[in-house]
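Let me begin by presenting the structure, written as structure tokens, before commenting on it.
The values are calculated or read from the model by the stated rules, or taken from the named source; none is laboratory data. Computed from a predicted model, the values in this text were never measured in an experiment. Counting neighbours? That spans all protein chains shown, and the Cβs are built from the backbone with ideal geometry, glycine included.
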Amino acid sequence: MSTHPFGRVDTDGNVYCLEAGDERHVGQYADVSTEEALAFYVRKFDDINTALSLLERRIASDAQSTDFRPSLDKVRTLVTDGVGVGDFAALRLRIDALQESIGARSAELTAQAAVAREEAIAARTLLVEKLEALASGDLSKVQWKQMTTTVDGIFSEWQEAQKRDRKFPKAAAEDLWKRFRAARNTLDQARRKYFAELDQSTKGAKAAKEKLISRAEALAPQGAAGLVAYRALLEEWKAAPRGPKKVDDALWARFKAAGDTIYAAKNEQFEREEAEFQGNLEAKLAILADAEKLLDATDYAQARSTLNAIQKRWDAAGKVPRARVRDVEDRMRKVEVAVRKLEDSHWNKSNPEKQARSAGLAGQIEAKIEVLESALAAARGEGNDARVKQIEEDIVAQRSWLSVL
């Protein structure tokens, strides 16, 4: 008979497992030696032990799973059946420890799942509230390009949340989606309305500017003569409603092309005139040379007669290049002012009325001076120094007036 710390084999090949001092028949292996029979059932125990060890490692390496109960139950059944020779009591203790570990982990993961579920609900609720806040705003003042980008971003976050939170509560998901969809529909309807109105406005703006373009293009053949009318059209263009940038830019290019034709004709005319006016400039410079001789004139009558003749020549000479207008005109004005001053000076000296007024005023001042001189003599006789000083100052003032006359 062969023996083992946890079993034995009798002469008939019966194999027994020893547990807590009791023997338990686990099988028979006849026609082999007792050693072979015992080794066979020891290997069966080792297989159970290996299965349990593998399960222990799986549980230790996978902290996020609780789906180990079927495997544990299978190993438990093998241990309960006890077909093998070995320390089954130790296996049962390990199975109980695994059972407790799986239970604790299940409770922990359940709590984590509850927290994750609440966080997921809060995250989706926040997305809904963001969209509802946008939908409840003043949609008449929205920049729709920016708004569309924002809404698309929120929707992308929603889709990512759906992919991420596979175990989201169905009732909460349906309720939040209804709110999300309602807010999104509100924004979409407002956007469609805005662009429909914008389309109508764009058509109106385009039609108005097309008419202005037609009028501008009709002016182009007139050349420089159409410039005033084109400028008036330009003011109408500025007051016209605006459309989309690309459309407005294309319309403006056509309108501006007509204007460029008119301005080009104007520039050509200006260049021709400037060339023609160069001869006029030379003539006026010669006239100025004669005119500026009057700056030293003393005979007002001769100066006026000469200036009148020069002014006729000046007007007949015509326009000068624009860059020289101010220069030559200022020089002529200077001559005219000098002759006018010469005339005014003569008039002031020869005006009978003014001479009469001056003579009368002079007599009055002289009479007053005589009175003051008499008063001065009296004051000196009285020894009134203050009175003397005052009268002397008055006499000086009167004589200064007399010298002016």
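Just checking, does the range 345-356 include any residue being at pLDDT 80 or above and not in a helix (DSSP H, G or I)? Within the range 345-356, none of the residues are at pLDDT 80 or above and not in a helix (DSSP H, G or I).
In this structure, is Leu131 in a helix (DSSP H, G or I), outside the structural domain of Trp177 (by TED's automatic domain parsing) and in contact with a helix residue (DSSP H, G or I) (Cβ under 6 Å, 6 or more places away or on another chain)?
Values: in a helix (DSSP H, G or I): yes; outside the structural domain of Trp177 (by TED's automatic domain parsing): no; in contact with a helix residue (DSSP H, G or I) (Cβ under 6 Å, 6 or more places away or on another chain): yes.
No; evaluated as a whole, the condition is false for this residue.
Inside the range 172-228, residues that are closer than 30 Å to Ala114 by Cβ and of a type in the set (Phe, Trp, Tyr) make up a count of 2. Whenever a residue of the range 229-244 is touching a residue at least 40 places away in the same chain (Cβ under 8 Å), its partners that are of a type in the set (S, T, N, Q), lying with C-beta atoms within less than 8 angstrom and at least six residues away or across chains, give the pairs Pro241/Ser201; Gly243/Ser201; Gly243/Thr202; Pro244/Thr202. Do we find a residue being at pLDDT 85 or above and more than 23 Å from Leu52 (Cβ to Cβ) anywhere in the range 89-109? For the range 89-109, residues at pLDDT 85 or above and more than 23 Å from Leu52 (Cβ to Cβ): absent.
Candidates in the range 201-225 are the residues that are of a type in the set (A, V, I, L, M, F, W, C) and closer than 22 Å to Ala264 by Cβ; of these, the one that is surrounded by the most Cβ atoms within 10 Å (Cβ to Cβ) is Ala216.
A count restricted to the range 124-147 and to residues that are among the aliphatic types (A, V, I, L, M) and without any contact (Cβ under 8 Å) to a residue 12 or more places away in the chain stands at 2. Total residues in the range 71-89 satisfying the condition of being exposed (fewer than 15 other Cβ atoms within 10 Å of the Cβ) and either under 22 Å from Val9 (Cα atoms) or touching an Asp or Glu at 6+ places or on another chain (Cβ under 6 Å) (or both): the figure is 3.
Is at least one residue of the range 102-118 in contact with a helix residue (DSSP H, G or I) (Cβ under 7 Å, 6 or more places away or on another chain), touching a residue at least 12 places away in the same chain (Cβ under 8 Å) and either among the basic types (Lys, Arg) or surrounded by 15 or more Cβ atoms within 10 Å (Cβ to Cβ) (or both)? Working first, answer last.
We begin by selecting, within the range 102-118, every residue in contact with a helix residue (DSSP H, G or I) (Cβ under 7 Å, 6 or more places away or on another chain); these are 102.
Next cut, touching a residue at least 12 places away in the same chain (Cβ under 8 Å) only: 102.
If we keep only those that are either among the basic types (Lys, Arg) or surrounded by 15 or more Cβ atoms within 10 Å (Cβ to Cβ) (or both) as well, we get 102.
There is at least one residue in the range 102-118 that is in contact with a helix residue (DSSP H, G or I) (Cβ under 7 Å, 6 or more places away or on another chain), touching a residue at least 12 places away in the same chain (Cβ under 8 Å) and either among the basic types (Lys, Arg) or surrounded by 15 or more Cβ atoms within 10 Å (Cβ to Cβ) (or both).
Yes or no: the range 226-238 includes at least one residue that is loosely packed, with under 15 Cβ neighbours inside 10 Å, among the aromatic types (Phe, Trp, Tyr), under 29 Å from the mean Cα position of the chain (by Cα) and closer than 30 Å to Phe195 by Cα. Within the range 226-238, not a single residue is loosely packed, with under 15 Cβ neighbours inside 10 Å, among the aromatic types (Phe, Trp, Tyr), under 29 Å from the mean Cα position of the chain (by Cα) and closer than 30 Å to Phe195 by Cα.
When the range 68-106 is examined, which residues are found to be in a helix (DSSP H, G or I) and under 60 Å from the mean Cα position of the chain (by Cα)?
From the range 68-106, those in a helix (DSSP H, G or I) are 69-81, 88-106; that's our starting set.
Of everything in the range 68-106, those that are in a helix (DSSP H, G or I) and under 60 Å from the mean Cα position of the chain (by Cα) turn out to be Ser101, Ile102, Gly103, Ala104, Arg105, Ser106.
Gly223 falls short on exactly one of the conditions (1) part of a helix (DSSP H, G or I); (2) on the phi < 0 side of the Ramachandran plot; (3) out of contact with any Leu (no Cβ under 8 Å at 6 or more places or on another chain), and that condition is (2).
Only one of Tyr194, Tyr230 is in the same structural domain as Pro244 (by TED's automatic domain parsing), aromatic (Phe, Trp, Tyr) and part of a helix (DSSP H, G or I); which? Reasoning before the result, please.
Numbers: Tyr194 fails: in the same structural domain as Pro244 (by TED's automatic domain parsing).
Selected residue: Tyr230, the only one of Tyr194, Tyr230 that is in the same structural domain as Pro244 (by TED's automatic domain parsing), aromatic (Phe, Trp, Tyr) and part of a helix (DSSP H, G or I).
Only one of the listed residues (Arg242, Arg272) is at pLDDT below 85 and not in a helix (DSSP H, G or I). That residue is Arg242.
Hey, among the residues in the range 269-298 that are in contact (Cβ under 8 Å) with a residue 24 or more places away in the chain and of a type in the set (D, E, K, R), which one's surrounded by the most Cβ atoms within 10 Å (Cβ to Cβ)? The qualifying residue surrounded by the most Cβ atoms within 10 Å (Cβ to Cβ) is Lys284. Residues that are surrounded by fewer than 16 Cβ atoms within 10 Å (Cβ to Cβ), assigned to a helix (DSSP H, G or I) and small (Gly, Ala, Ser) do not occur anywhere in the range 324-344. When Ala135, Ala60 are screened for being surrounded by fewer than 16 Cβ atoms within 10 Å (Cβ to Cβ) and out of contact with any Gly (no Cβ under 7 Å at 6 or more places or on another chain), only Ala60 passes. Taking the range 363-405 as the range and being part of a helix (DSSP H, G or I), closer than 30 Å to Asn348 by Cα and either among the hydrophobic types (A, V, I, L, M, F, W, C) or touching a Pro at 6+ places or on another chain (Cβ under 7 Å) (or both) as the test, the residues that pass are Ile365, Ala367, Ile369, Ile395, Val396, Ala397, Trp401, Leu402, Val404.
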